[in-house]
Amino acid sequence: MSPGEPQQPRPDADDAPAIRCEACRSALDAPGREAVAFLLFEGLTVPVVGCADHLERFRATCGFATERTVELLQHRPAGGVPCPGCRLAPHNPRQPVVPIDDGVVAVLACSTHNTEIVERFRTGRRTRQQLTTPLDPPGSTQY
Ligand SMILES: [Zn+2]
Ligand SMILES: [Zn+2]
């Protein structure tokens, strides 16, 4: 005999961050396909997933944390992914994601490189905020 309670637990609904960018959401739903891009960062090659727009923001933000060029490739680089851990990471279904504006980027790296990239991203974001904070209110320039 069932008590007839219309209770439907949905545990999968609240551990994911709110992703307002639909392109990011569909990119994350299809890992392992052409949605994967590669972030080239200080000698690291790290697979990343997100929409083109948010991946580019992620790349640009990481660029604030280094004096070297951060590149984003839409294809597998010639040398492949050198780190064996990072190479296996895309097959792990529970990759942490990094919120960026209204989207997310999943860093499909081993935990060491994941931490490294996320640290750089945070540093870059802080630097960017400092740089973009206007010293003078707009319109104060006399012409
Ligand atoms: Zn997006
Ligand atoms: Zn790695």
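Quick note: the coordinates plus some simple rules give every number you see, no bench work behind them. Being a predicted model, the structure only gives us computed values, none of them experimental. Reconstructed Cβ throughout: ideal geometry from the backbone, glycine too, with neighbour counts over all protein chains shown.
Descriptive notes on the structure:
- Full extension of the chain segment joining Gln130 with Arg68 gains 20.4 nm, where the gain is 0.36 nm per residue of separation less the Cα-Cα distance.
- Between Ala60 and Arg20, the simple label model (points 7 Å from Cα in the Cβ direction) yields a spacing of 1.8 nm.
- Per-residue ³J(HN,Hα) for the stretch 43-58, Karplus 6.51 cos²θ - 1.76 cosθ + 1.60, θ = phi - 60°, Hz, x for Gly and Pro: x, 8, 10, 10, x, 9, 10, x, 7, 4, 4, 6, 5, 5, 5, 4
- Rounded to the nearest whole Hz, the Karplus-based 3J(HN,Hα) values (6.51 cos²θ - 1.76 cosθ + 1.60, θ = phi - 60°) of the stretch 75-83 follow the sequence 9, 5, x, 3, x, x, 9, x, 7, with x at glycine and proline.
- Average Cα contact separation per residue, the stretch 19-131, under 8 Å, 6 or more apart, as relative contact order %: 32
- Along the stretch 115-124 the Karplus relation, 6.51 cos²θ - 1.76 cosθ + 1.60 evaluated at θ = phi - 60°, assigns HN-Hα couplings of 4, 4, 5, 5, 4, 4, 4, 5, 4, x Hz to successive residues, with x for each Gly and Pro.
- The stretch 87-125 and the stretch 43-63 have Cα centres spaced 9 Å apart.
- The orientation-averaged projected area of the convex hull spanned by the Cα atoms of the stretch 19-131 comes to 6.4 nm².
- By average C-beta atoms within 10 angstrom, highest first, the peptides 63-72, 103-112, 76-85: 103-112, 63-72, 76-85
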